[in-house]
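The values are calculated or read from the model by the stated rules, or taken from the named source; none is laboratory data. Every value quoted in this text rests on a predicted model; they were computed, and no experiment measured them. Every residue, glycine as well, gets a Cβ built from its backbone with ideal geometry; the counts of neighbours run over all protein chains shown. When the accessible area is computed, the model is the full protein with side chains, heavy atoms only, and any ligands, DNA or RNA have been set aside. Shrake-Rupley method; radii C 1.70, N 1.55, O 1.52, S 1.80 Å.
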Amino acid sequence: MTDLIIERQTSPVRLEIRPLTPVIGAELRGVDLRKPLDAATAQAIEQALVQWKVIFFRDQDLSNEQLLAFGRSFGPLTPAHPIALGLPEHPEIWEREAGEYRQSHRQDLSIPTAKPPRDYKGWHIDITFVANPNKYSILRGVRIPPYGGDTLWSNLECAYDGLSPTIKALCDGLRAVHRTSSYDSGEPRPGRRAAGPFAALHPLVRVHPRTGRKSLFVNPGTTSHIVGLRERESQALLDLLADEVTRPEYTVRFHWTADAIAVWDNQATAHAGPIDYAHFDLPRVVRRITVAGELPEGPDGFRSRPLEGELFGVIG
């Protein structure tokens, strides 16, 4: 069986799109991201992104300035993170090392909470504790181990489509609170600014602003409860939906290589990674930038709003 290759001719680039699963993930070839993108090529890349939810490029040795220029092809960029600091010379770029994940995990376990968080192996949607989470996330592999450190993405539209009509109808009219963890509530730590707490009210189902498709807007990392339900009802429904979000048939797994780049639609995906950080000590460094987003909208027209903290700003 031959590989499926979709070619899109843009002047002067012939873009190859190689799907990785039937529902999510594609590798793109034929473009040098070190060079400025013409409008047609940027549009073709964004079309592939919206269709396949996460796209990958290999062997793209970008400088920080070239990474930022690539991101700006799809809209204004945000600061690195509402809480974490960016690189001193590039406040839009968030750098993370594998050791930080292990340290955060240990800190999470040491914090007294009313009830332990659900364990979904790091699954999350980026920055949903603000009312306007980013539209796209762009991650570049800077220092990559020869094995380990893979990332998973899940198609949240498939997660919604897999629900029964009765549960869909229930979820369409519900809203949920997303908030930061207690350790991010204003206490300065190395590499972080004293910001927060943050909390936002979001629809439980989100309508994609470009395609109109519905997706589950459930973030196992930050969704605290569903408004209007009793605590046990809220917990049970969130557990059900989080299980749906992480079903293997909705996911793609990416093995990183040096200078690889992943771009995902944060409006329609959840992700987890590095999925095995607790089991290896090899160096792993990645750098992320994010394209500014808008207020999510639900099927009933409700738009997200902040409960605590400010909206997520832009840079340039």
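Quick notes on this one:
- Selection status of Leu240, open to solvent by 70 Å² or more (accessible area, probe 1.4 Å), modelled with pLDDT of 95 or more, in a helix (DSSP H, G or I) and closer than 23 Å to Gly122 by Cβ: yes
- Taken together, the residues in the range 55-80 that are assigned to a loop (DSSP other than H, G, I, E, B) and in contact (Cβ under 8 Å) with a residue 60 or more places away in the chain amount to 11.
The rows are residues; the columns are (1) on the phi < 0 side of the Ramachandran plot; (2) buried (at least 21 other Cβ atoms within 10 Å of the Cβ); (3) in contact with a Pro (Cβ under 6 Å, 6 or more places away or on another chain).
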site: Ala270; (1), (2), (3): yes, yes, no
site: Pro283; (1), (2), (3): yes, no, no
site: Gly301; (1), (2), (3): no, no, no
site: Arg305; (1), (2), (3): yes, no, no
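- Selected residue [in contact (Cβ under 8 Å) with a residue 24 or more places away in the chain, open to solvent by less than 20 Å² (accessible area, probe 1.4 Å) and either closer than 29 Å to Glu294 by Cα or among the aromatic types (Phe, Trp, Tyr) (or both)] from Val227, Val245: Val245
- Test: residue in the range 274-281 that is at pLDDT below 95, out of contact with any Asp or Glu (no Cβ under 8 Å at 6 or more places or on another chain), under 24 Å from Arg140 (Cβ atoms) and of a type in the set (A, V, I, L, M): yes
- Residue count for the range 44-68, restricted to those that are closer than 22 Å to Val314 by Cα and surrounded by fewer than 15 Cβ atoms within 10 Å (Cβ to Cβ): 2
- Check on Arg287, in a strand (DSSP E or B), touching an Asp or Glu at 6+ places or on another chain (Cβ under 6 Å), surrounded by fewer than 19 Cβ atoms within 10 Å (Cβ to Cβ) and at pLDDT 95 or above: no
- The range 149-167: number of residues that are open to solvent by less than 50 Å² (accessible area, probe 1.4 Å) and either of a type outside the set (Phe, Trp, Tyr) or modelled with pLDDT under 95 (or both): 13
- The requirement of being over 23 Å from Gly75 (Cα atoms) and assigned to a loop (DSSP other than H, G, I, E, B) is fulfilled somewhere in the range 203-215, by at least one residue.
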